[in-house]
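The values are calculated or read from the model by the stated rules, or taken from the named source; none is laboratory data. These numbers were taken from a predicted model, which means no experiment stands behind them. Cβ placement follows ideal geometry from the backbone for every residue including glycine, while neighbour counts extend to all protein chains displayed. Protein only, heavy atoms only, side chains kept; ligands, DNA and RNA dropped before computing areas. Shrake-Rupley method; radii C 1.70, N 1.55, O 1.52, S 1.80 Å.
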Amino acid sequence: MPVTDEPDDVLRAVAREIEDRFGVPVDELREAVAAARGTISFLPSAVVRWYDDLEEAQRLLTSAEDELLGALQSAPAGELDEQVMTLAQRVDTALTIRDGRALTVRHLLEDYPLPEPPAVSRAARRTGPVLTTTPVPQPAPVSARTRR
């Protein structure tokens, strides 16, 4: 059993932000990204990947917290041995990883624009060539050059 309900709150909060941004639940977005593998834009696929990583980090954090809680409950009162301190460090590391992944998802959601529909994309509005070039002058053949 997890130490607090906070972990679920973090996942719920991030999932809510994803749903608000894309207009669909996380599971539906995950399915859409999987179905469109390779043809979907950067943002949805990046958000799904980082959210999956966030869920994994949350599972690891919950497991580390449970182990620490068990060790604390079996430790003599007022004594923290090396095993307990190692478990506490593991919890701290797992928390840092989880929070970093949550921040990454939030960064993606806040700082990257949603892809434009294809009909109004910049490529569709383009009227001229993407890149204009001028011909590179070619040197005259060796036989046509004058010798000095």
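Below are the figures for this structure:
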read-out	value
DSSP-assigned coil residues among GluC sites (Glu not before Pro) in segment 4-105, each with at most 12 further Cβ atoms within 10 Å	Glu79
Arg12 paired with Thr39, simple spin-label distance in nm, labels 7 Å along Cα-to-beta-carbon	3.7 nm
Leading residue at positive end of dipole, segment 1-101 (Cβ point charges), from Ala34, Tyr51, Ala64	Ala34
For segment 16-82, size of Cβ-based charge dipole, Lys and Arg +1, Asp and Glu -1, in debye	540 debye
Efficiency of FRET from Cβ geometry, Gln73 and Glu28, R₀ 41 Å, rounded to 0.05	0.50
By accessible area with a 1.4 Å probe, ligands and nucleic acids excluded, highest first: order of Arg106, Arg98	Arg106, Arg98
Geometric extent, Cα atoms of segment 1-85 - Rg, Dmax (angstrom)	18.1, 58
Estimated vicinal HN-Hα couplings, Hz - segment 25-34 in sequence order (Karplus 6.51, -1.76, 1.60; Gly, Pro = x)	x, 4, 4, 5, 5, 4, 5, 5, 5, 5
Area accessible to solvent at Ser45, 1.4 Å probe radius, in Å²	40 Å²
Per residue, in Å², the accessible surface of segment 1-106 once ligands and nucleic acids are set aside, probe 1.4 Å	61 Å²
Translational diffusion of segment 45-97, µm² s⁻¹ [Kirkwood Rh, Cα pairs; Stokes-Einstein; 10 °C; 1.306 mPa s]	132 µm²/s
